[in-house]
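Enquirer: Just dropping this structure here.
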Amino acid sequence: MGAGLFTGLALGSEARWRNPCLGALPADLARHDLVLSALEGLDASQLLDTHAHLLGTGDSGSGCSIHPSLSQWWHPVEVLRRKGILNAACVEESVPSIDRAYVDRLLRLAQDFPAGARWWLFAFEQAHDDAGRPAPERSTFHVPDAYAAQVAVASPGRFAWVASVHPYRGDALARLEAALAGGAVAVKWLPSAMNIDLRDPRCRPFYERLARAGRPLIVHCGEEKAVPGAGRDDLGNPLHVRAALARGVTVVMAHCGSLGQAADEDRRSRPHVPAFDLFARLMDEPGHAGLLLGDTSAVFQRNRPASVWRTVLERQDWHGRLLHGSDHPLPGVMPLFAPSRLVQAGLLDEADAPVLLRVRDHNPLLFDLLLKRRLHAGAARLPAAVFEARALARQATTVQPS
Ligand SMILES: [Zn+2]
């Protein structure tokens, strides 16, 4: 992996380029106090990671693709290239099938978790043009609904699947209907990469159907410096999710909108402010209390300001509306996490850092969960409800049958 791959990340001494991809946790680590105490108090049967990416090249007939010129960056914000992504997921380029190796590794990682722990796996729609036609040349990667469904159905004890349907397509509603019938638990959009304006009238029937089905819409908001896909940063404005909320859709804002800047369109001068501030504004608007949620994926990466880390931990009034998400395979991108910075910020006990780093060499997903269990701002920490996705259970009880 060449220098420059992770341009923009200032690397500390604990940052290494490569994920060593070690096997299952050794016994001493699996029985370590930190590991046991972090899992204590969690109802394993409810443990849910609501943000995990599937990825593939299509070499198993999955229909997945990665843009051939992946010198562009594939994932929102983070500067990852093909080799970096595959290494994060512990997939060798030389394996017989990259599609299969990706899922196999995820299943192996799951074995270090208590039985009952589950992951939501994301399909990932292509970019479309304004007329609703697929634009593969602008799609950094693609994971079809059918493939996500197939992977989930093969391991129902571990996986559920999240559909991704572009709302401008002529057959968008039919596809949404098929996804709901096929067991999709949510829909994922990445507006800036897929070219989706959340305020476009074509989204309305989509919102209405989702609201009736009681399925959440997971939306990535915040800046994308690296211009994946369609590169429409302006479409990632957190304030735009009001259009979906107004139709009664449960919206999960991925990463709590915690990266980059967005225009404050509520003010005439439209100043650029941290996207996270706009997420916070929406969370605090009384009308959204029952509808707007956030996920914790990527929030504690080193590229977020300490003020964001602290706010997410301290705002206990938000905790009932937060969901645990890992953004797999990103926890396997070694330079993205720096426990030492969390220690410096006073949010992680110093003795925890080396243990967490050891866990990460074996299991980045477990590392991500344990880290979030150990973080605290004084006495404030993310409660079990976040990891047990209780916010979703609450949503489900308020849904009308469709
Ligand atoms: Zn993601």
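Enquirer: Quickly run through segment 341-388 and pick out the residues that are closer than 20 Å to LEU106 by Cα, surrounded by 19 or more Cβ atoms within 10 Å (Cβ to Cβ) and aliphatic (A, V, I, L, M). Give the derivation first.
Expert: Here is the first cut: in segment 341-388, the ones closer than 20 Å to LEU106 by Cα are 356-372, 387-388.
Still in the list and also surrounded by 19 or more Cβ atoms within 10 Å (Cβ to Cβ): 356, 359-360, 362-372, 387-388.
Answer for segment 341-388, where residues must be closer than 20 Å to LEU106 by Cα, surrounded by 19 or more Cβ atoms within 10 Å (Cβ to Cβ) and aliphatic (A, V, I, L, M): LEU356, VAL359, LEU365, LEU366, LEU369, LEU370, LEU371.
Enquirer: How do the pairs read when you match residues in segment 296-311 that are within 12 Å of the ligand (Cβ to nearest atom) with residues anywhere that are among the aromatic types (Phe, Trp, Tyr), using Cβ under 8 Å and keeping only pairs 6 or more apart or on different chains?
Expert: From residues that are within 12 Å of the ligand (Cβ to nearest atom), the pairs are VAL299/TRP309; GLN301/PHE337.
Enquirer: Sticking with this structure for a sec: Which fully enclosed strands (runs of 3 or more DSSP E) of segment 88-194 have 1 or more residues being closer than 30 Å to LEU36 by Cβ and without any contact (Cβ under 8 Å) to a residue 60 or more places away in the chain?
Expert: Values: elements: 118-122, 159-163, 186-189.
Passing ranges, in order: 159-163.
Enquirer: Looking only at residues that are surrounded by fewer than 15 Cβ atoms within 10 Å (Cβ to Cβ) and among the aliphatic types (A, V, I, L, M) in segment 31-70, which one is modelled with the highest pLDDT?
Expert: To start, the set of residues in segment 31-70 that are surrounded by fewer than 15 Cβ atoms within 10 Å (Cβ to Cβ) comprises 31, 33, 36-37, 40-41, 43-45, 59, 61, 68-69.
Right, trim to among the aliphatic types (A, V, I, L, M) and you get 36, 44.
Numbers: LEU36: 94, ALA44: 89.
Within segment 31-70, the match that is modelled with the highest pLDDT is LEU36.
Enquirer: Looking at ARG341, ARG360, ARG373, ARG302 in this structure, which one is modelled with pLDDT under 95 and in contact with a helix residue (DSSP H, G or I) (Cβ under 9 Å, 6 or more places away or on another chain)?
Expert: ARG302
Enquirer: Restrict the check to segment 262-281 and report whether at least one residue is open to solvent by 10 Å² or more (accessible area, probe 1.4 Å), closer than 24 Å to ALA385 by Cβ and of a type in the set (D, E, K, R).
Expert: Within segment 262-281, one or more residues are open to solvent by 10 Å² or more (accessible area, probe 1.4 Å), closer than 24 Å to ALA385 by Cβ and of a type in the set (D, E, K, R).
Enquirer: Any residue at all in segment 283-293 that is among the acidic types (Asp, Glu) and out of contact with any Gly (no Cβ under 6 Å at 6 or more places or on another chain)?
Expert: Yes, there is a match, as at least one residue in segment 283-293 is among the acidic types (Asp, Glu) and out of contact with any Gly (no Cβ under 6 Å at 6 or more places or on another chain).
Enquirer: Report, by residue number, each residue of segment 237-256 that is within 17 Å of VAL386 (Cβ to Cβ) and assigned to a helix (DSSP H, G or I).
Expert: Selection gives HIS255, CYS256.
Enquirer: If you scan segment 293-345, which residues turn out to be within 30 Å of ALA101 (Cβ to Cβ), more than 18 Å from the chain's Cα centre (by Cα) and part of a loop (DSSP other than H, G, I, E, B)?
Expert: ALA338
The values are calculated or read from the model by the stated rules, or taken from the named source; none is laboratory data. Being a predicted model, the structure only gives us computed values, none of them experimental. Note that each Cβ is placed from the backbone with ideal geometry, even for glycine, and that neighbours are counted across all protein chains shown. Remember, those area values only see protein heavy atoms, side chains included, never the ligands or the DNA or RNA. Shrake-Rupley method; radii C 1.70, N 1.55, O 1.52, S 1.80 Å.
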